Structures are given as C-alpha cells and as structure tokens.
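The next block holds one structure in the form of structure tokens; read it before the comments.
Derivation of every value follows stated rules applied to the coordinates shown; laboratory data play no part. All values derive from a computational prediction rather than experimental measurement. Neighbour counts run over all protein chains shown; Cβ positions are idealised from the backbone, glycine included.
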Amino acid sequence: MKLGILGSGSGSNMQAILDAIDAGSLDAEIVLVLSDNPGAYILERAAKRGIPTALIDCHGFKTKFPDEAQTKTAAMLKEAGVELVCLAGFLRLVKQPLLDAFPDRILNIHPALLPAFPGLEAWKQALAAGVSETGCTVHLVDAGMDTGPVVLQEAVPVLPDDTAESLHARIQVVEHRLYPEAIAAVAGA
Ligand code: GRF
C-alpha cells in the first residue's frame, strides 16, 4: 500500500507510521510527504528518511485550501502512485476536487472521540468541557469537518491535574499506536 502523507506540523504521527513499517506491523510504504507549511518538521523527518517531499502552495491564504491547490495536490499524489492518503496534523479542510480523486481513500487522525469536539485543539475543548474521558479517532475524510465514518477510536481518561499539554501528550501516545492499526485495517479491507 503506497501512502501519501499531508501534514502541517511536527509529524510525530508520520514517524509512528514509519516505525510500524520498520517493525513489520504495517505493510506499506510512504512515497510522498506534502506540507502547506515550509517550516514544518514533518518535512525534515521525511527528508532524513529520503522520502520525497513537496510544498502545497496555498497562495498566501492562511487557512483556506484553494481548489487549484487541491487539484495540484491530487495530481502530485497520483503521480507518485499514492493509493491511500493520510492526513497527519494537516490543518486545512480537504474538499472536492481532492476528495473526488481519492474516494474513501483519505484518512485523518483527530485528538478526540468524534463526534465530540471536532475542529482545532480538541484536547483543550475536552478540558474546558470538564469531561472525564476523551481520546482519539481515525476516520475516513468526507466534505465535513472531522465528520467521516470512524475506522478506529480509543478513549483516554482526563486526569484531575491534567494540563492541555499533559492531556495532548497522553492522547498522542495512543494516536501513534492507533493510526498504523487503522491504516492496516483500511489497507486489508
Ligand atoms: C495530532 O494530535 C492529530 O490528532 C491532530 O494534529 C496533531 C498532529 O501531530 N490532527 P503530529 O504532527 O503528528 O505530531
């Protein structure tokens, strides 16, 4: 299974996917890593491994993912032979035409038990809401924000002395195990 990864930040989830491939628990190959953020550490991680990378040019828009940029992204992914697209901390909303290029073949990881707390910084939303548990979800991407069908999810308790940082860190430990498992499940389906 040839994977294409889209990320805007640190890329710890991509690293977890690479580690699972190295460990032999995920039969896949990351063939392309794309980012909308030229300073993103995910690009460095990929380059260190010799994985091809490229930038997604969003023409100066801060949060929008313009149609033209989505078309170009789809073309780069197709050109690289990508079969499954994994969003890993990618901060823009994917819509048509990228969705049409990879129907039911785009995954996202979200740091909450969807449908609870969609959107940005979901662990902070969970803390503010005072819930006793949150978690993380891997889901197929559709045209909504964090709304597609759930592939896997796992709960993480919110502890009385949790800060935003400590809670996010504990969620990420689970994310790093769950994302490779979900990719394996989708690839084998
Ligand atoms: C993760 O918490 C993920 O759930 C969210 O963004 C964060 C990305 O972290 N969508 P990283 O770049 O994989 O380290």
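So who's got an amide H within less than 5 Å of the one on G9, skipping anything under 5 residues away but keeping other chains? H placed 1.01 Å off N, in plane.
Under 5 Å from the amide H of G9: I42.
Only helices at least 24 Å long along their own axis, judged from Cα atoms, and with Kyte-Doolittle mean hydropathy of -1.0 or greater: name those in the chain from DSSP H.
Values: long enough: 164-188 (35 Å, 0.26).
Counting only whole DSSP H runs, the qualifying helices are 164-188.
Show me, for region 102-107, the HN-Hα J-couplings you get by feeding each phi into the Karplus relation (A = 6.51, B = -1.76, C = 1.60, θ = phi - 60°), rounded to Hz, glycine and proline as x.
Per residue, the Karplus-derived 3J(HN,Hα) values read 9, x, 6, 10, 10, 10 Hz.
How would region 113-189 be classified by its alpha-carbon gyration tensor: rounded, prolate or oblate, with rounded meaning a/c under 1.5 and the a/b versus b/c comparison settling the rest?
The shape class here is oblate.
Place a +1 charge on the Cβ of each Lys and Arg in region 2-188 and a -1 charge on the Cβ of each Asp and Glu, then give the dipole magnitude about the Cα centre in debye, rounded to the nearest 20. The partial results should precede the final answer.
On the way: 14 positive and 23 negative charges, 75 e Å.
Computed about the Cα centre, the dipole is about 360 debye.
For region 2-188, what class follows from the C-alpha gyration tensor (a ≥ b ≥ c being the square roots of its eigenvalues): rounded when a/c is under 1.5, otherwise prolate if a/b is larger than b/c, else oblate?
Details: a/c = 1.61, a/b = 1.38, b/c = 1.17.
Verdict is prolate for region 2-188.
So, by mean Cβ neighbours within 10 angstrom, what's the order for 33-46, 96-109 with the highest one leading?
Values: 33-46: 19.5, 96-109: 17.7.
Highest to lowest by the protection proxy: 33-46, 96-109.
Excluding A20 itself, calculate the net charge of residues whose Cβ lies under 14 Å from the Cβ of A20, where each Lys or Arg counts +1 and each Asp or Glu counts -1.
On the way: positive: R49, R177; negative: D19, D22, D27, E29, E175, E181.
Summing Lys/Arg as +1 and Asp/Glu as -1 gives -4.
Could the peptides 144-150, 173-179 be put in order, highest first, of the mean number of other beta-carbon atoms found within 10 Å of their residues? Please list the in-between numbers first.
Working: 144-150: 14.0, 173-179: 19.1.
Result, highest mean Cβ count within 10 Å first: 173-179, 144-150.
Can you give the helix-only mean residue ellipticity at 222 nm for the chain, where every DSSP H stretch with n ≥ 4 adds -39500 (n - 2.57) and the sum goes over all residues, rounded to the nearest 500 deg cm²/dmol?
On the way: 6 runs with 70 residues, N = 189.
Roughly -11500 deg cm²/dmol at 222 nm, from the helical runs in the chain.
At a 10 angstrom cut-off on C-beta neighbours, averaged per residue, how do the peptides 25-32, 182-189 rank from highest to lowest?
Top to bottom by mean Cβ count within 10 Å: 25-32, 182-189.
With the contact rule set at Cα under 8 Å and sequence spacing of 6 or more, what percent relative contact order holds for the chain? Intermediate results must be reported in sequence, preceding the final value.
Values: 356 pairs, mean separation 38.8, N = 189.
Relative contact order comes out at 21 percent.
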